[in-house]
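Below is one structure; the comments refer to it alone.
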Amino acid sequence: MDFPLFHLDWLNDRFLIAMIAIIHVIINHGLAVGFIPLVTWLEQKGVKNSPSMEITDLSWDKMAWKMMKVGFIITTTLGAMTGVGIWFSVALVSPASIGSLIRVFYWAWFVEWMVFVTEVVLIMIYFLSWENANRSLTSKLRHIRFGWFLSIFSWITMAIIVSILGFMMDPGNWNTHHSLLNGFTNPIYIPQLLFRTPTAMVVGGVFGLMLITLFTQHDTTLRKNAIRSASVWILCWAPLSLAGAIYYYGVMPSAMTANMSTAVGTIDFSQYYDLLRYVMGGSILLVVLLSVTGLIKSSLVKFPLALFCCLIVFGFLGIFERVREFIRKPYVIGGYMYSNLLKEEDYPLYKRDGILKYATYTSTPTVTAENKIAAGRNVFMLSCSRCHTTQGVNSIVYVFERMYGIGKPLDENSMAGYIPNMHNARTYMPPFPGNRDELHALVAYIKYVQQTGEVLEGAQTEGVTVNSMNDVAAARLLLEKQQQENNREIAVKDTASAN
Amino acid sequence: MLNIVLATTPVPKDIPLDLPLPEWLLVTILVISFLAHIVFVNLMLGGSLLTLWAEIKGLKDKDYDRFAYETAKTITVNKSLAVVLGVAPLLSINTLYSVYFYSANALTGLMWISVIPLVTIAFLLTYLHKYSWEKLAGNKALHIAIIAAAVLVFLFIPLIFLVNINLMLFPEKWGTVRGFLSALVLPNVFPRYLHFICASLGVTGLFIFWYTGRKNYPFESYYTHLTRYTIKRKRIH
């Protein structure tokens with residue numbers, strides 16, 4: 001309501017965030033939290049199995065170093081930048097919600113940042129001092145200890161972020177007491193952490209296995225032993241990951257679980273719901289099969305197969321995050337702000353006076369017969385555009401055509417009858433915020449979009465029009481009016497007391 | 001005239017929640033953390049420019065090639081610190097100036113979000129440049145092109161940040177701005193940009209002065225005829 005609205009009509013705004021966030025989660029879980037302890041463990045194994053007179057098994061150590069180099073480069077480029085990218089994209093797409101969250105979670109994010117700085121410094125020291133550390137056994141052992149420190153810090157970063165995620169998903173808490181502590185004590189914090197920790201280890205293991213097939217020669221003992229080690233690693237964590245997944249699903253508040261099937265996808269919900277279970281079970285089964293093969297007959301584990309498994313577990317992580325993120329709908333902050341960024345407590349006002357009147361930016365403060373389409377466009381931008389596009393992913397025309405028939409001309413009356421009740425039929429939808437005139441303008445606009453194929457442009461290209469009822473001139477008039485009224489009241493009081 | 005300005009100046013409502021800290025404290029955190037961030041950004045940009053210059057000069061004089069390599073090794077470390085140290089001021093500006101910052105973000109949105117892929121690419125290029133030094137020793141043109149591409153990106157990124165930060169300060173322009181380019185031509189952007197570029201070169205000079213002047217820096221084993229004094233002096237001029 002108070003921000004110019006950025007809008008990507010082809011991609012869908014939510015998708016922009018999802019894309020960046022999912023890449024970040026994959027790198028954080030797969031290449032930091034789960035991968036660094038694996039590499040440290042491998043480095044330690046190299047020292048344990050070193051030939052006499054050597055500090056470590058040099059070819060083994062070289063392999064672990066190469067693996068770490070890949071992890072180092074990816075985490076400090078794509079990993080770091082997608083982390084910042086989450087901030088950038090969320091602030092663009094969802095300014096009101098992130099602005100609210102940051103005023104409550106500033107300290108959590110600040111602490112998280114300090115841990116993150118430590119993590120980056122440690123990762124640089126760990127990787128850049130690797131070759132020097134091979135000079136003496138003392139320095140090598142110190143280097144390995146460093147690796148374990150780094151592993152712990154990566155895990156702490158994740159543990160704090162999970163608290164923030166957990167809080168945002170637990171509806172109701174925001175309105176009663178919003179403090180950081182709440183994030184750690186809410187009922188899905190521990191389950192989420194218990195699920196994410198072993199899952200990250202599994203993903204890190206599969207990624208490591210993939211790198212091993214890349215950096216070792218076929219039919220060597222080095223490759224055989226390395227694949228076996230990674231397989232043992234995965235097999236240790238996979239059952240814990242499965243147990244964590246089941247536990248996590250079980251303690252999700254019932255409202256959320258009920259909402260889950262609608263939240264998973266946008267086309268055929270029950271199909272998506274089944275798909276999630278297949279993907280979860282399937283990917284865990286797949287990595288177990290992979291590592292059992294690695295243990296029994298490591299020569300069968302080749303790069304294409306390892307890469308395939310790696311992509312599958314990345315995909316699994318992506319789908320899990322998608323479910324987690326969509327599960328909290330229709331809210332973006334449970335019980336406080338809907339996913340269209342409008343606060344629940346403001347709804348009565350919007351329903352009575354219309355949403356346009358209170359918007360900071362709109363070219364049409366009120367709906368008239370002449371501006372109906374333009375007003376409808378503004379209503380759409382303010383109350384639908386965070387999740388729907390006009391011509392792209394999850395387009396509003398497509399959503400209605402799916403109900404009324406693909407390609408059929410949309411009927412304004414049916415849509416106007418449906419929209420005020422849609423949140424009852426589809427519980428993941430926020431209620432329509434505007435008044436009757438705005439509803440009719442909106443459906444006229446949707447029909448117009450269907451007929452013309454018009455594309456909705458965001459503030460980044462079209463700019464914004466300041467609402468003439470909410471600019472500085474209007475505010476000044478309002479102030480003067482209030483002043484006059486005050487003066488009049490004082491005058492009335494004066495005469496009353498004089499009499 | 002005044003009426004036109006007033007009519008295009010919005011009066012947005014702030015987010016109805018208290019600041020997490022007293023305002024003066026948040027401002028202090030913002031300023032201090034931003035200083036820490038920008039020093040490493042200076043070193044990242046200045047270091048890449050210096051590497052590019054020295055590597056070109058190094059085509060004729062091997063010592064400069066060595067100097068380019070020594071500087072290149074600092075870029076990747078400085079860039080990592082630049083990014084992580086940027087998060088604290090980002091958090092603080094989000095909190096303190098939510099309405100201003102988010103409005104400017106949205107109005108320059110496409111370019112703003114392009115910062116992410118552009119910087120990622122530039123970072124990958126700096127690693128590629130650093131780790132291919134020996135492999136591409138026979139193909140200097142390509143190797144120099146890699147760092148040149150990274151330098152171009154690094155030179156463009158500050159412009160995006162400055163356009164955004166500058167637009168924040170002019171709410172009366174929010175109603176008239178149409179995208180990045182129209183915000184680019186607002187007053188102040190280019191003077192601030194030039195100041196930043198010059199500052200980057202200056203700060204990098206100071207850094208190299210310290211870096212190569214350290215007592216335990218094995219200077220003599222790296223260079224044949226360049227002395228600590230020539231490198232230090234070159235950085236001063």
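Considering only protein heavy atoms, with the full assembly of protein chains and a 1.4 angstrom probe, order A:Arg426, B:Arg178 by accessible area, largest first.
B:Arg178, A:Arg426
Whole percent per 5 Å bin, from 0 to the bin with the longest distance: what is P(r) over all C-alpha pairs of the range A:456-499?
The distribution over the range A:456-499 is 5, 18, 12, 12, 11, 9, 8, 7, 5, 4, 3, 3, 1, given as percents.
Lysine pairs in the range A:311-414 8 or more apart or on different chains: how many have alpha carbons under 16 angstrom apart?
Taking the range A:311-414 as the scope, the lysine pair count is 4.
If r is the Cβ-Cβ distance from A:Leu305 to A:Tyr249 and R0 is 22 Å, what FRET efficiency results, to the nearest 0.05?
Taking R0 as 22 Å, the efficiency between A:Leu305 and A:Tyr249 is 0.15.
If the cut-off is 22 Å between C-alpha atoms, which lysines fall inside it for A:Lys45, apart from same-chain ones fewer than 8 positions away?
Filter leaves A:Lys62, A:Lys66, A:Lys69, A:Lys140, A:Lys224, A:Lys297.
Send over the Kirkwood Rh of the range B:127-237, from the inverse of the averaged 1/r over different Cα pairs, rounded to one decimal Å. Before the final figure, lay out the partial values.
Values: mean 1/r = 0.0570 Å⁻¹.
About 17.5 Å, per the Kirkwood formula over Cα pairs.
Looking at the range A:344-478, I'd like the Rg to Rh ratio, where Rg is from alpha-carbon atoms and Rh is Kirkwood's inverse mean 1/r.
Rounded to two decimals, Rg over Rh is 0.97.
Rounded, prolate or oblate: which fits chain A, taking a ≥ b ≥ c as square roots of the Cα gyration tensor eigenvalues, rounded meaning a/c under 1.5, else prolate when a/b beats b/c?
Details: a/c = 2.75, a/b = 1.97, b/c = 1.40.
Note, shape of chain A comes out prolate.
At q = 0.14 Å⁻¹, what log₁₀ I(q)/I(0) does a Debye calculation on the Cα points of chain B give, no solvent, two decimals?
-0.95
Measure out, as a whole number of angstrom, how far apart the alpha-carbon centroids of the range B:111-140 and the range A:30-67 sit.
Taking the Cα centre of each part, the range B:111-140 and the range A:30-67 sit 28 Å apart.
Identify the residues of the range A:92-133 with backbone N under 19 Å of a label point that sits 7 angstrom from the Cα of A:Lys69 along the Cα-to-Cβ direction, or state none.
The answer is A:123-133, whose backbone nitrogens lie closer than 19 Å to the label point.
Using θ = phi - 60° and the Karplus form 6.51 cos²θ - 1.76 cosθ + 1.60, what ³J(HN,Hα) does each residue of the range A:222-230 get, whole Hz, x for Gly and Pro?
Those phi angles translate into 4, 5, 4, 5, 5, 4, 4, 4, 4 Hz.
Over chain B, with every protein chain in place, what whole percent of the accessible area is carbon and sulfur at 1.4 Å, could you tell me?
Carbon with sulfur: 71 percent of the solvent-accessible area.
Between A and B, buried accessible area summed over both sides at probe 1.4 Å, in Å² to the nearest 100?
Details: alone 23620 and 13280 Å², together 31640 Å².
Counting protein atoms only, the buried area is about 5300 Å².
Beta carbons within 10 angstrom, averaged per residue: use that to sort the peptides A:449-459, B:217-227, A:6-16, highest first.
Top to bottom by mean Cβ count within 10 Å: A:6-16, A:449-459, B:217-227.
Can you pull the percent of chain A's accessible area that's carbon plus sulfur, 1.4 Å probe, other chains left in place?
Taking all protein chains in place, chain A shows 63 percent carbon and sulfur surface.
Hand me the tally of lysine pairs in the range B:44-183: alpha carbons under 15 angstrom apart, and the pair either on different chains or 8 or more positions apart.
Eligible lysine pairs with Cα atoms under 15 Å apart amount to 6.
Quick test of the membrane-span-like rule: which DSSP H helices of chain B reach at least 20 Å along their long axis (C-alpha atoms) with mean Kyte hydropathy at least 1.0?
Those that clear 20 Å and a mean of 1.0 are B:23-57, B:109-131, B:140-168, B:189-213.
The values are calculated or read from the model by the stated rules, or taken from the named source; none is laboratory data. Just so you know, these numbers come straight off a predicted model, no measurement behind them. Note: ideal-geometry Cβ built from the backbone for every residue, glycine included; neighbour counts use all protein chains shown. These accessible areas exclude ligands, DNA and RNA; they are computed on the full protein's heavy atoms, side chains included. Shrake-Rupley method; radii C 1.70, N 1.55, O 1.52, S 1.80 Å.
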